[in-house]
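Chemist: Once you've had a glance at the structure underneath, I'll fire off some questions.
The values are calculated or read from the model by the stated rules, or taken from the named source; none is laboratory data. Only a predicted model underlies this, so the values are computations on that prediction, with no experimental measurement involved. Positions of Cβ are generated from backbone atoms using ideal geometry, with glycine treated the same way; all protein chains shown enter the neighbour counts. These accessible areas exclude ligands, DNA and RNA; they are computed on the full protein's heavy atoms, side chains included. Shrake-Rupley method; radii C 1.70, N 1.55, O 1.52, S 1.80 Å.
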Amino acid sequence: FTDDLSLVRIEYTNPNLAIQTMDNQESPEIEIGFDKITEETLEKLNLKLEEYYNESTQNLHALKYICIAYIRLKQYTTSIRLIQEYLEKSPSDTIMFYYLSYAYKKNRNFEESIDYGERVRIRNPYHLKNLINLVQSYASSGKLFRAQEILESASRLQPENEKIQRLKTQIDKALTRN
């Protein structure tokens, strides 16, 4: 007779560990004027971000900053990879799940965008940008009725929001055509 538990590894990871680690880290020393980036400076910036990433993979503040920088640069494939890496280290960061959903939508991977957007919606049902992102993802994937349901939630939060009004008009038009 043997003890089968000796074959199983049981490990507890403190969910606050990443947050505690992040609190002790410095913010990155890079500032980027995203509105002033030209084709010429983009390549230099990419090299600088990659270099900074290689130097600071354990610094969660820096990694988060780099992820968002790549989204601002519209390099969604790179941002998706880095956000996934970040979320492995800090899975409680709801905002980064939103950015991941947004990056997937921009990369035209609507199913992944919906998956991560729904995770954000479960954690924070009042996150307006996420609701709008979900509406756009559902509509783009042809799930107009689901898009309309989420749009109703968003319009209850901000009924006068122009983007919500525009989406409502577009979805209503698409539904009347079908």
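Chemist: Report every pair of residues separated by at least 6 positions or lying on different chains whose Cβ atoms are under 7 Å apart, first residue within the range 79-97 and closer than 18 Å to LEU134 by Cβ, second polar (S, T, N, Q).
Modeler: Pairs that qualify, where the first residue is closer than 18 Å to LEU134 by Cβ and the partner is polar (S, T, N, Q), are ILE80/ASN107; THR94/ASN124.
Chemist: So, one more: Go through the residues of the range 79-89 one by one and say whether even a single one is over 21 Å from ALA62 (Cβ atoms), assigned to a helix (DSSP H, G or I) and β-branched (Val, Ile, Thr).
Modeler: No: the range 79-89 contains no residue that is over 21 Å from ALA62 (Cβ atoms), assigned to a helix (DSSP H, G or I) and β-branched (Val, Ile, Thr).
Chemist: Also, quick follow-up: Out of (1) part of a helix (DSSP H, G or I); (2) touching a helix residue (DSSP H, G or I) at 6+ places or on another chain (Cβ under 7 Å); (3) open to solvent by 20 Å² or more (accessible area, probe 1.4 Å), what's the single condition that is false for SER101?
Modeler: (3)
Chemist: List, please: which pairs have Cβ atoms under 7 Å, are six or more places apart or on different chains, and start with a residue in the range 66-78 that is free of Cβ contacts under 8 Å to residues at least 24 places away in the same chain and more than 15 Å from ASN107 (Cβ to Cβ) and end with one that is crowded, with 17+ Cβ neighbours inside 10 Å and not basic (Lys, Arg)?
Modeler: Sorted first by the residue in the range 66-78, then by its partner, the list stays empty.
Chemist: Let me ask something additional. May I ask you to verify whether LEU63 is surrounded by 23 or more Cβ atoms within 10 Å (Cβ to Cβ), at pLDDT 95 or above, among the hydrophobic types (A, V, I, L, M, F, W, C) and touching a helix residue (DSSP H, G or I) at 6+ places or on another chain (Cβ under 6 Å)?
Modeler: It is false that LEU63 is surrounded by 23 or more Cβ atoms within 10 Å (Cβ to Cβ), at pLDDT 95 or above, among the hydrophobic types (A, V, I, L, M, F, W, C) and touching a helix residue (DSSP H, G or I) at 6+ places or on another chain (Cβ under 6 Å).
Chemist: Give the range 87-98 a look and list any residue that's touching a helix residue (DSSP H, G or I) at 6+ places or on another chain (Cβ under 7 Å) and either under 22 Å from GLN136 (Cα atoms) or of a type in the set (A, V, I, L, M, F, W, C) (or both), or say none.
Modeler: LEU87, THR94, MET96, PHE97, TYR98
Every residue, every condition in (1) among the aromatic types (Phe, Trp, Tyr); (2) surrounded by 14 or more Cβ atoms within 10 Å (Cβ to Cβ), yes or no:
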| position | (1), (2) |
| --- | --- |
| ARG119 | no, yes |
| LEU128 | no, yes |
| TYR138 | yes, yes |
| LYS143 | no, yes |
| GLN158 | no, yes |
| LYS163 | no, yes |
| GLN170 | no, yes |
| LEU175 | no, no |
